[in-house]
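The values are calculated or read from the model by the stated rules, or taken from the named source; none is laboratory data. These numbers come from a predicted model, not from an experiment. FYI the Cβ positions are ideal-geometry reconstructions off the backbone, even for glycines, and counts take in every protein chain you see.
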Amino acid sequence: MSALLYAGATLAFVFALYLATASEGVRTSHRLLAAGFALMGVQFLLSRLQFDVPEHWLVQMRPVLAMFLPPLLYLHLLVAERSEARLRVADAVHLAGPVLMLVVRLAGGEAWFIDGPILGGLALYAALIWYRSRQPAGDFAVRGVILAASLRRWRWMVLSWLLLTLASDTWITFEISSPPALEDSLGFGVAMLFLSGFFTYALVLVLVLVLVLVLHRSGPLGWVAARFRTAGLTADLNDRLAAHMRERQPHLDLELNIARLARQLGVPQRQLSEALNTAHGVSFSVWVSQWRVETAKGIMRAEPEKGLLDVLHDSGFQSKSSFNKTFKELTGQTPSAWRSEQTGQRYS
């Protein structure tokens with residue numbers, strides 16, 4: 001059993017490190033998933049500690065960490081749905097469960113007062129993930145066709161993971177009567193085998209993928225060199241692009257498209273598209289919309305009396321409907337509500 005726990009913790013930390021340092025894709029979403037894997041690794045180690053010192057204060061905090069995992073997985077998927085790919089202030093509501101569990105744990109709550117919320121949290125967030133999959137935004141369309149398809153498959157894996165965890169935790173809850181009995185729990189052993197098997201399979205899959213990439217890049221040195229060249233080109237292009245956007249403000253052009261912007265920069269269209277996806281994890285249209293919304297915010301801060309139609313035209317939008325829709329998607333508020341909150345001004 002100890003070997004399985006150590007193996008599971010090691011693999012979980014490997015995935016957490018990989019995701020935390022990944023520079024491609026939706027980085028905030030990756031960081032949230034990395035935190036989830038890190039929590040799994042800590043849980044494995046605390047389970048091992050419980051065998052030796054069941055009353056240790058760190059062991060007593062295991063339920064608090066368990067309450068963090070479902071919301072982290074949910075927010076990881078939710079952020080990937082959003083065009084701005086960021087957390088919002090309202091997302092802080094998902095801290096309620098872990099905070100309440102911390103209060104209960106410090107107050108010395110009974111076992112049922114602890115196990116019940118943990119099982120309820122797993123069921124709640126599994127239901128929320130399923131519900132989001134039925135919503136229009138749940139198709140991950142803002143991430144592009146290829147990434148969206150992968151995210152949809154990954155979402156079903158996460159949902160399956162939560163349901164299996166719910167089943168195994170329910171089994172363990174009914175099977176053991178006191179913490180020292182955990183080592184003899186059949187349900188716990190099955191759960192550890194499942195988790196370790198999953199991590200091992202995933203790690204082998206990653207290693208095979210890396211090997212294939214190496215073989216198709218003229219050996220390991222060629223592959224590494226290619227990665228550094230690509231990273232260097234992307235960083236240089238993004239520096240040029242940021243300077244171009246600040247100085248020339250091409251996003252104010254109503255007819256701007258990726259081909260026109262690529263010509264302005266003197267780079268191939270495909271290279272520009274790859275740079276945006278690698279550095280920002282968004283499509284060209286979403287990236288331009290972000291610049292336009294930030295411009296609109298700046299105008300409303302500087303000129304709070306300016307009319308909404310003037311603001312949208314001066315920030316590169318074509319219509320009031322597209323301005324309202326895009327602004328709300330990226331900020332969670334309508335332009336009127338945002339300006340009212342920031343400046344106290346309201347549109348008439």
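Quick notes on this one:
- Answer residue from segment 249-306, given it is assigned to a helix (DSSP H, G or I) and among the acidic types (Asp, Glu) and is farthest from Lys328 (Cα to Cα) among those: Glu274
- The requirement of being touching a helix residue (DSSP H, G or I) at 6+ places or on another chain (Cβ under 7 Å), without any contact (Cβ under 8 Å) to a residue 40 or more places away in the chain, closer than 20 Å to Ala141 by Cα and of a type in the set (S, T, N, Q) is satisfied by Ser273.
- Residue check, Ser315 in the same structural domain as Asp236 (by TED's automatic domain parsing), at pLDDT 90 or above and not hydrophobic (A, V, I, L, M, F, W, C): yes
- Among (1) of a type outside the set (D, E, K, R); (2) at pLDDT below 85; (3) surrounded by fewer than 15 Cβ atoms within 10 Å (Cβ to Cβ); (4) more than 24 Å from Ser29 (Cβ to Cβ), the one test that Leu207 misses: (4)
- Val99 meets all of the listed conditions (1) assigned to a helix (DSSP H, G or I); (2) touching an Asp or Glu at 6+ places or on another chain (Cβ under 7 Å); (3) of a type outside the set (Phe, Trp, Tyr) but one, namely (2).
- Candidate set: segment 29-83, residues that are part of a helix (DSSP H, G or I) and polar (S, T, N, Q); chosen: the one nearest to the chain's Cα centre (by Cα): Ser29
- Looking across Leu330, Leu312, one residue alone is buried (at least 19 other Cβ atoms within 10 Å of the Cβ) and without any contact (Cβ under 8 Å) to a residue 24 or more places away in the chain. It is Leu312.
- Candidates Ser218, Ser273, Ser289, Ser283: the one that is modelled with pLDDT of 85 or more and either within 28 Å of Leu151 (Cα to Cα) or loosely packed, with under 15 Cβ neighbours inside 10 Å (or both) is Ser289.
- Just one of the listed residues (Leu87, Leu122, Leu95, Leu128) is outside the structural domain of Phe327 (by TED's automatic domain parsing), at pLDDT 85 or above, touching a helix residue (DSSP H, G or I) at 6+ places or on another chain (Cβ under 7 Å) and closer than 24 Å to Val59 by Cβ, namely Leu122.
- The listed residue being in a helix (DSSP H, G or I) and at pLDDT below 85, out of Leu237, Leu309: Leu237
- Residue match in segment 255-263 (condition: without any contact (Cβ under 8 Å) to a residue 24 or more places away in the chain, surrounded by fewer than 18 Cβ atoms within 10 Å (Cβ to Cβ) and within 25 Å of Val89 (Cα to Cα)): no
- In a residue-by-residue description of segment 152-161, the property of being assigned to a helix (DSSP H, G or I) and at pLDDT below 80 applies to no position.
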